[in-house]
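Trainee: Here's a structure for you.
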Number of protein chains: 2
Amino acid sequence: MFGVTILGNNSAVPAFNRHPTSQLVTLNDQLFLIDCGEGTQTQITRYKIRQSKIGYIFISHLHGDHYFGLIGLITTMGLLGRKQILHIYGPAQLQDIIHLQLSVANTILPFELAFHALETESIIVDHPKFTVSCFATQHRIPCWGFIFSEKKMPRKIDRVKCLEFEIPSAFYDQIKNGQDYYKKNGELIKNEWVSFANTPSRSYAFCADSLYDESIVNKVAKVNLLYHETTYLKDMELRAAERFHSTTIQAAAIANKANVGKLLIGHFSSKYEDLADFLTETAADFQQTDLAIEGVTFLIK
Amino acid sequence: MFGVTILGNNSAVPAFNRHPTSQLVTLNDQLFLIDCGEGTQTQITRYKIRQSKIGYIFISHLHGDHYFGLIGLITTMGLLGRKQILHIYGPAQLQDIIHLQLSVANTILPFELAFHALETESIIVDHPKFTVSCFATQHRIPCWGFIFSEKKMPRKIDRVKCLEFEIPSAFYDQIKNGQDYYKKNGELIKNEWVSFANTPSRSYAFCADSLYDESIVNKVAKVNLLYHETTYLKDMELRAAERFHSTTIQAAAIANKANVGKLLIGHFSSKYEDLADFLTETAADFQQTDLAIEGVTFLIK
């Protein structure tokens, strides 16, 4: 399963029982937390997520609604006796904050906390089956988006056909990589005759907080699912720009230009109790749009 | 009204929809927050408390379940445009944490945040009608309890009687202070003939986290309401001591020795879903006991 579960979809001030930003990505049987606003540990419990399976936490930026719940989550993991390493990726100063808060409490965690400062746009997790990379977004303070991409999977061998065409098993790796085969007599055996395409590789981009910024387009081009913030409805374009945020139709414009599969919108301002207009306005310009509703898991297809 | 409203009654790991420690004292039409665990701002909203009326916040110690919600509350107060000064009392390092978290977010609060480091047992708020003082408790790290005490109120003048006995108004202040009056002819006018007793002064002591410590007894003697933690039931006395916490019967023992009016117990361990045994065990030794149930206001009488 490759999907993203929404734990918090609201902007800075909690309201209408909506919570500050947090999302949980499930990929390759592992859990990855993106952002961790206040109360995230309670949301994790509410949605019956196994906290111990979270191995990586990515913090986009150091506005409180994106990380004030992190120290509580880490502390709880320690109190519950976690042993396995926890990787945290975020702006360098986050490490100072965590260390200060652990130190004043005389807390020694029973697990290793590996902190990785985000400094340049790059691959930050390189797994045999997927990567996570970070990219800069334009916000009031340094801010990072994250892309989860499955690696291109090798083709699958059709063993019956390979035996039929007498292809030696030593050549199977090349078949998996898409190569054709030439028999000793020069006869061509085309790759697609002896192998199947594997699951296509999928990708999810989390765009963090951002003003409308077309330089994002190339960074997230053709992802299967794009999360883009829509703090405001379209009539609030000026306020959005002032506060380094985006509107509904700006998110739709990025989705269109980047030619993504689906768009997920969130980080709704506490001005709005009803979210229906967010969907209406965005979907008018980009039909494949979903609201990031808390508790819902969106599959990446 | 002089009362305390429970916002969070649980110990470190949130569980069973109970929240980490936070209490709101209402006194003299002002609101005072004691401790501010993660999610306190949401609890404040849930119980329809006017956040803007909170002028003072007291943080007992720097374990996360007593202050991780503070930075979120401060930030929200700023986002909502608070103008009036906010006083925070707590261990000195709390100021470093707050400043670091505000600074990395480039946040400039629109109100003055006056930080007061707790260093010695003393009166920390001296209002004409009441005082707040702090006292040390024995916990794993430096920890403070707080006592809210109304000042002894002057007696009320009985104007009709004062006129009848021809007491000059210049002498009224002495009447309020309990003095008798002698007329020019030497006739004695007893104070109680011309004045009424005012409301008796009341007091509330918040004992923070503490192991069983009889040196607390003198500090909280005869308060009308004592909050004492009961993290564990009585059969867990050893674990309580190891972790610098108390049991039900230990809280009752302190209440008895200190001869307090009523006892309020809380900071329940996440081991316990049902709290009934806490009340049974404590009330067996000190009858006037209440459970600190979230959302309930306990009047100080």
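Trainee: For segment B:66-93, which positions are more than 7 Å from every other protein chain (Cβ to nearest Cβ), within 23 Å of B:Trp144 (Cα to Cα), crowded, with 18+ Cβ neighbours inside 10 Å and among the aliphatic types (A, V, I, L, M)?
Mentor: B:Leu70, B:Leu73, B:Ile74, B:Leu86, B:Ile88
Trainee: What pairs can you find where one residue is in segment B:18-46 and under 16 Å from B:Phe58 (Cβ atoms), the other is among the basic types (Lys, Arg) and in a strand (DSSP E or B), and their Cβ atoms are less than 6 Å apart, with a gap of 6+ or different chains?
Mentor: No pair meets every condition.
Trainee: Pick from segment B:225-253 the residues that are assigned to a helix (DSSP H, G or I) and within 19 Å of the chain's Cα centre (by Cα): which of them is farthest from B:Ser60 (Cα to Cα)?
Mentor: B:Ala252
Trainee: Is there any pair with a first residue in segment B:249-268 that is touching a residue at least 24 places away in the same chain (Cβ under 8 Å) and on the phi < 0 side of the Ramachandran plot and a second that is of a type in the set (Lys, Arg) and part of a strand (DSSP E or B) whose Cβ atoms are under 9 Å apart and which are 6 or more apart or on different chains, and what are they?
Mentor: Between residues of segment B:249-268 that are touching a residue at least 24 places away in the same chain (Cβ under 8 Å) and on the phi < 0 side of the Ramachandran plot and residues that are of a type in the set (Lys, Arg) and part of a strand (DSSP E or B), the close pairs are B:Ala255/B:Lys262; B:Phe268/B:Arg18.
Trainee: Right, something else. Look through segment B:182-226, keep the residues that are under 30 Å from B:Ala240 (Cβ atoms) and of a type in the set (Asp, Glu), and return whichever of them is surrounded by the fewest Cβ atoms within 10 Å (Cβ to Cβ).
Mentor: Among those residues, the one meeting the criterion is B:Glu214.
Trainee: Are there any pairs, at least 6 apart or on different chains, whose C-beta atoms fall under 9 Å, with the first in segment B:81-105 and within 25 Å of A:Arg140 (Cβ to Cβ) and not assigned by TED's automatic domain parsing to the domain that holds B:Glu121 and the second among the charged types (D, E, K, R) and surrounded by fewer than 20 Cβ atoms within 10 Å (Cβ to Cβ), and if so, which?
Mentor: Here the result reads none, with nothing in segment B:81-105 linked to a residue that is among the charged types (D, E, K, R) and surrounded by fewer than 20 Cβ atoms within 10 Å (Cβ to Cβ).
Trainee: Is it fair to say A:Gly81 is under 17 Å from A:Ala208 (Cα atoms), part of a loop (DSSP other than H, G, I, E, B) and not charged (D, E, K, R)?
Mentor: When the stated conditions are applied, A:Gly81 does not pass them.
Trainee: Looking only at segment B:94-106, decide whether some residue is facing chain A (nearest Cβ under 9 Å), crowded, with 23+ Cβ neighbours inside 10 Å, under 20 Å from A:Leu70 (Cβ atoms) and touching a Lys or Arg at 6+ places or on another chain (Cβ under 9 Å).
Mentor: no
Trainee: Tally up the residues in segment B:21-41 that are buried (at least 21 other Cβ atoms within 10 Å of the Cβ) and either within 10 Å of chain A (Cβ to nearest Cβ) or hydroxyl-bearing (Ser, Thr, Tyr) (or both), please.
Mentor: First, pick out the residues of segment B:21-41 that are buried (at least 21 other Cβ atoms within 10 Å of the Cβ): B:21-25, B:27, B:32-41.
Those still in the list that are either within 10 Å of chain A (Cβ to nearest Cβ) or hydroxyl-bearing (Ser, Thr, Tyr) (or both) too: B:21-22, B:37-41.
The qualifying residues number 7.
Trainee: Right, B:Phe16: surrounded by fewer than 21 Cβ atoms within 10 Å (Cβ to Cβ), under 24 Å from B:Thr230 (Cα atoms) and touching an Asp or Glu at 6+ places or on another chain (Cβ under 8 Å) or not?
Mentor: So B:Phe16 passes the test.
Trainee: Can you tell me which of B:Ala136, B:Ala117 is surrounded by fewer than 15 Cβ atoms within 10 Å (Cβ to Cβ), modelled with pLDDT of 95 or more and closer than 25 Å to B:Asp209 by Cβ?
Mentor: B:Ala117
Trainee: A follow-up question, please. Show the residue pairs meeting these rules: Cβ distance below 7 Å; 6+ apart or different chains; first residue within segment A:285-301 and within 16 Å of A:Tyr47 (Cα to Cα); second residue hydroxyl-bearing (Ser, Thr, Tyr).
Mentor: Close Cβ pairs (under 7 Å, with a partner that is hydroxyl-bearing (Ser, Thr, Tyr)) amount to A:Ala292/A:Tyr227; A:Gly295/A:Tyr47; A:Thr297/A:Thr5.
Trainee: State whether the residues of segment A:48-57 include one that is within 9 Å of another protein chain (Cβ to nearest Cβ) and not basic (Lys, Arg).
Mentor: Scanning segment A:48-57 turns up no residue that is within 9 Å of another protein chain (Cβ to nearest Cβ) and not basic (Lys, Arg).
The values are calculated or read from the model by the stated rules, or taken from the named source; none is laboratory data. No experiment lies behind these values; they were computed from the predicted model shown. Cβ atoms come from the backbone with ideal geometry, glycine included; neighbour counts cover every protein chain shown.
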